[in-house]
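Asker: Below are the structure tokens for one structure; questions will follow.
No value in this document is a laboratory result; all are computed from the given coordinates. This one's a predicted model, so the numbers in the text were calculated from it and none came from an experiment. Please note: Cβ atoms are built from the backbone with ideal geometry, for glycine as well, and neighbour counts cover all protein chains shown.
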Amino acid sequence: SYSKHNYQIKKMMKCGECKGGVTAETQKGIVYYHCNHYNDCTQKPYTTEEKIEEQLFGVFNFFKNLTSEEAEQIKEKIKESHAVEIEYKESTLKALNARYVQLQSRIEMLYNDRLDQKITTETWEKKQGEVNKEQKDIQEEISRIKDVETKYFEIWLNVIDLAHRAEGIYKRRTPAERRTLLSYIFSNITLKDEK
């Protein structure tokens, strides 16, 4: 419904002065947002949804006008800020691979013990099952880490393109889709003095 659409942005904003919630109401078909004044606050102005959207579009326009060099600089900053995380993942993968190789050697030793009849078939099967299970767990963990890494790079590669086309996408979407789009691009939106 129209009123449901009107209040999509509300939950994404806080008052820029008192950090309280921002509420919305419709007057004569126009949607206004304002601080709910649960905390001490001097904010009086009511800001139209249209005015807020125009300001959000201003951010979209910033991305739209980025040069390829500026876009590359942003990507580099994102990569730098996640360098520690990437290093941790790489060291984790290295440790998991080392453990996998160690387990493979253990299987070979157990197999030789079985051939030399130092252990029973039952013991061999039990130990082999334990090692194979741990190896399977390691492979799953390696896949999970690599998958997360891939998704992370996909996200930062696509976010600038998304922001570049955001205004056009926003105007053609349902309220719920608009909210999702805004949540991808913005965080910690505050409203103060109608800005």
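Asker: For a paramagnetic label modelled at 7 Å from the Cα of I145 toward its Cβ, which residues of segment 71-96 fall within the zone defined by backbone nitrogen distances under 16 Å?
Answerer: Zone members listed by number: 83-96.
Asker: Longer than 18 Å from Cα to Cα, which of K51/K192; K64/K171; K19/K77; K14/K44; K44/K171 are they? Say none if no pair is. Let's see the in-between values first.
Answerer: Numbers: K51/K192 13 Å; K64/K171 15 Å; K19/K77 29 Å; K14/K44 14 Å; K44/K171 29 Å.
Check vs 18 Å cut-off fails for K19/K77; K44/K171.
Asker: Now a separate question. Once the convex hull of the alpha carbons of the chain is built, what does its volume come to per residue, in cubic angstrom? Mind showing how you got there, number by number?
Answerer: Details: hull volume 39.6 nm³, N = 195.
Dividing the Cα hull volume of the chain by its residues yields 203 Å³.
Asker: Right, another one. Among the aspartates and glutamates, which fall within straight-line cross-link reach of K11, defined as a Cα-Cα distance under 16 Å, with same-chain neighbours fewer than 8 residues apart omitted?
Answerer: Leaving aside aspartates and glutamates fewer than 8 places away in the same chain, those within reach of K11 are E25, E49, E53, E177.
Asker: With each pseudo-label sitting 7 Å past Cα toward Cβ, what's the Q104-E70 distance in nm, one decimal?
Answerer: With each label placed 7 Å out from Cα toward Cβ, I get 5.0 nm.
Asker: I need the calculated FRET efficiency for the pair A83 and V59, taking r as the beta carbon distance and R₀ as 22 Å, to the nearest 0.05. Don't skip to the end; give the middle numbers.
Answerer: On the way: r = 26 Å, r/R0 = 1.20.
Efficiency, from the Cβ-Cβ distance: 0.25.
Asker: Run the reach check for K127 against lysines, Cα to Cα strictly under 24 Å, same-chain hits fewer than 8 apart removed. What comes back?
Answerer: K118, K136
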